[in-house]
1. Residue 99 to residue 151: extension gain in nm, 0.36 nm per residue of separation minus the Cα-Cα distance?
2. Per residue, how much accessible surface does region 80-185 expose to a 1.4 Å probe? Answer in Å², no decimals.
3. Relative contact order, percent, of the chain when contacts are C-alpha pairs under 8 Å separated by at least 6 residues?
4. Could you tell me the distance between the Cα centroids of region 60-107 and region 147-168, to the nearest Å?
5. Which of 136, 40, 77 sits closest to the plus end of the dipole of region 9-175, meaning its Cα is farthest towards the positive end, when Lys and Arg get +1 and Asp and Glu get -1 on the C-beta?
6. Cβ neighbours within 10 Å, averaged per peptide: list 40-51, 140-151 in order, most packed at the top.
7. Sort the following peptides by mean Cβ neighbour count (other Cβ atoms within 10 Å, averaged over residues), highest first: 84-92, 24-32, 100-108.
8. Starting from the Kirkwood radius over alpha-carbon pairs of region 9-175, derive D by Stokes-Einstein at 4 °C in a medium of 1.567 mPa s and give it in µm² s⁻¹.
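The values are calculated or read from the model by the stated rules, or taken from the named source; none is laboratory data. This is a predicted model, so every value here is computed, not measured. So basically every Cβ, Gly included, is an ideal-geometry build from the backbone, and we count neighbours across all protein chains shown. What goes into the accessible areas is simple: the full protein's heavy atoms, side chains included, and nothing from ligands, DNA or RNA. Shrake-Rupley method; radii C 1.70, N 1.55, O 1.52, S 1.80 Å.
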Amino acid sequence: MADSEFPGWHGTTIIGVRKGGKVVVAGDGQVSLGQTVIKGTARKVRRLSPGGFDVVAGFAGSTADAFTLLERLETKLEATPGQLARASVELAKDWRTDKYLQKLEAMLIVTDGKDLFVITGAGDVLEPEHDVAAIGSGGNFALAAARGLMEGDLDAETVARKAMAIAADICVYTNGNLTVEEINQ
């Protein structure tokens, strides 16, 4: 099948919410090929512990590409234990300048409980405003919902779950099968 005929993989909404001394990263489980759901229970949020420091990461995009980036992030974190910001910037620099990595199609949300970042292939390491970050097909829906929920008395996990439920109701490439990881600040 020629690239121009390939219907394209779609799916994934990942959200990161920081509130009340906790950071939660949640991701849905849907992977779609064109208009067909291929899998509904994919796990796109992971806990890493390089150098004994916990980091939670969620990814949107190609799974193989995301795992390559997560491995690179772990290597950077092992070289700079407990320094997520530095490791993230180093990963983004490599991703932007390495000819092999430039072809990778994924985005990451990462947190160590203190910092919360979105890392992109354009060389960006973004710290979100309003303590909410979201990526993927339903990312904008989840982001808007979470920002609206942040002013209430809900905890970080409840905000993330409710925002993901709203995104799943709106985005056909997002489902309600969530993987949720929490880390303390």
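1. Values: separation 52, 0.36 × 52 = 18.72 nm, distance 4.32 nm.
Length gained between residue 99 and residue 151: 14.4 nm.
2. On the way: 5420 Å² over 106 residues.
Accessible area per residue: 51 Å².
3. Values: 436 pairs, mean separation 58.1, N = 185.
In percent, rounded to a whole number, it is 31.
4. Each part reduced to its Cα centre gives a spacing of 28 Å.
5. Checked the options; the winner is 40.
6. Working: 40-51: 15.8, 140-151: 19.7.
Most protected by this proxy first, the peptides run 140-151, 40-51.
7. Per-residue mean Cβ counts within 10 Å order the peptides as 24-32, 84-92, 100-108.
8. Value of D from the Cα-based Kirkwood radius: 82 µm²/s.
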